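One structure, as structure tokens, below. Some questions next.
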Amino acid sequence: MYLKSSDQPIFDLGFGGHRCHWGTHICGLYGSEAERDQIIFGFLGKGLLEEDLQFFCYDLEGRDRILKGLQPFSSKSLEDSPDQLVLKPAKELYYPSGSFSPWEMDRGLSQFYEQSQAKGPRNIRASAEMSWALQAVPGVEDLMAYESRLNYFIPGKPWVSICLYDLTRFSGEVIMNVLRTHPYSISGGLITENPYYQEPDQWLAQHAPQFLDSNAVL
């Protein structure tokens with residue numbers, strides 16, 4: 001299945017025969033570990049075969065699981081291959097100082113992107129397990145503002161993000177805001193354009209006007 005998601009080149013998502021374009025922000029909604037792993041290993045495994053740069057944020061004990069699941073897609077050890085795969089635990093990426101900040105996330109992702117392109121153009125497949133946000137992390141109430149602001153950051157870049165949300169753990173209210181801040185969604189193995197999506201200028205103006213400035217940090 002082909003989905004036109006931007007004017008950038010087409011790429012293979014790695015599962016379900018789905019293709020879309022670089023510069024796309026997707027929420028991956030899943031209800032089982034098998035469904036989650038199909039997305040993760042298909043998406044990142046295809047990237048390894050294509051020699052894209054993989055960036056994955058795992059929740060809790062996920063590092064060994066990810067390395068084991070992705071190793072069949074690479075001819076060399078992934079344990080020490082930062083040119084192929086960057087793995088970070090949720091705390092290190094989202095709240096290294098102990099609290100979550102959309103501004104700090106903007107700065108960190110911008111720096112990572114600049115470094116990734118320093119030796120020439122590189123496609124980036126980024127994904128994250130979002131269950132860390134169920135914890136009482138200071139600032140986590142601004143998570144959806146960050147998700148909305150990603151729609152300033154990702155378009156125009158050789159970058160695709162899949163943010164993974166467990167339907168059995170997050171409330172219906174949270175999932176609705178996830179849908180409002182992601183232009184595309186994966187559910188039941190299918191990727192579709194999201195009819196609930198709101199552009200960041202609109203969503204932020206209504207829900208988090210303090211994060212509305214599209215030129216700040218990015």
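How would Glu141, Glu147, Glu199 rank on accessible area, largest to smallest, probe 1.4 Å?
On the way: Glu141 140, Glu147 0, Glu199 110 Å².
Result of the area sort, largest leading: Glu141, Glu199, Glu147.
Let me ask you something else. Report Lys91's accessible area, 1.4 Å probe, all protein chains in place, as a number in Å² to the nearest 10.
100
Roughly speaking, what is the stretch gain from Ser77 to Leu190, that is 0.36 nm per residue apart minus the C-alpha to C-alpha distance, in nm to one decimal?
Gain on stretching Ser77 to Leu190: 37.6 nm.
Per residue of region 186-203, in order, report the coupling 6.51 cos²θ - 1.76 cosθ + 1.60 (Karplus, θ = phi - 60°) as ³J(HN,Hα) in whole Hz, putting x for Gly and Pro.
10, 8, x, x, 10, 9, 9, 5, 8, x, 8, 4, 10, 4, x, 4, 6, 5
Taking a 1.4 Å probe, which of Met105, Met1 shows the most accessible area, and what order do the others take after it? List each step's numbers first, then the result.
On the way: Met105 10, Met1 105 Å².
Reading off the accessible areas and sorting them downward yields Met1, Met105.
Using just the C-alpha positions of the chain as equal point scatterers, what log10 of I(q)/I(0) does the Debye formula give at each q in 0.07, 0.11, 0.13 1/Å?
-0.19, -0.49, -0.71
May I ask for the distance between the Cα centers of region 148-217 and region 64-90, given as a whole number of Å?
So the separation of the two Cα centres works out to 27 Å.
Fully extended, how many nm does the chain gain between Leu49 and Asp12 (0.36 nm per residue separation, minus their Cα-Cα distance)?
On the way: separation 37, 0.36 × 37 = 13.32 nm, distance 1.10 nm.
Difference between extended and current length: 12.2 nm.
Just by accessible area at a 1.4 angstrom probe, what is the order of Asp80, Asp201 from largest to smallest? Before the final figure, lay out each step's value.
Details: Asp80 130, Asp201 90 Å².
The residues order as Asp80, Asp201, largest area first.
If you put +1 on each Lys and Arg Cβ and -1 on each Asp and Glu Cβ, how big is the dipole of region 1-150 around its Cα centre, in Debye rounded to 20?
Working: 15 positive and 22 negative charges, 60 e Å.
Dipole about the Cα centre, nearest 20: 280 debye.
Any idea of the accessible area per residue across the chain, 1.4 Å probe, to the nearest Å²? Spell out each step's value before the answer.
On the way: 10010 Å² over 218 residues.
Accessible surface, normalised per residue, equals 46 Å².
Here's another thing I want to ask about it. Report relative contact order for region 56-129 in percent, whole number only (criteria: Cα-Cα under 8 Å, sequence separation at least 6).
Numbers: 42 pairs, mean separation 32.3, N = 74.
Contact order relative to length: 44 percent.
Let me ask another. Can you give the translational diffusion coefficient of region 13-75 in µm²/s, computed by Stokes-Einstein from the Kirkwood radius over Cα pairs at 10 °C and 1.306 mPa s? Mind dumping the intermediate values first?
Details: Rh = 12.6 Å.
The diffusion coefficient I find is 126 µm²/s.
Excluding ligands and nucleic acids, what accessible area in Å² is computed for Ser185 using a 1.4 Å probe, to the nearest 10?
Probe radius 1.4 Å; accessible area of Ser185 about 10 Å².
The values are calculated or read from the model by the stated rules, or taken from the named source; none is laboratory data. Quantities reported herein were computed from a predicted structural model and do not represent experimental measurements. Counting neighbours? That spans all protein chains shown, and the Cβs are built from the backbone with ideal geometry, glycine included. Please note that ligands, DNA and RNA were not included when accessible areas were found on the heavy atoms of the full protein model with its side chains. Shrake-Rupley method; radii C 1.70, N 1.55, O 1.52, S 1.80 Å.
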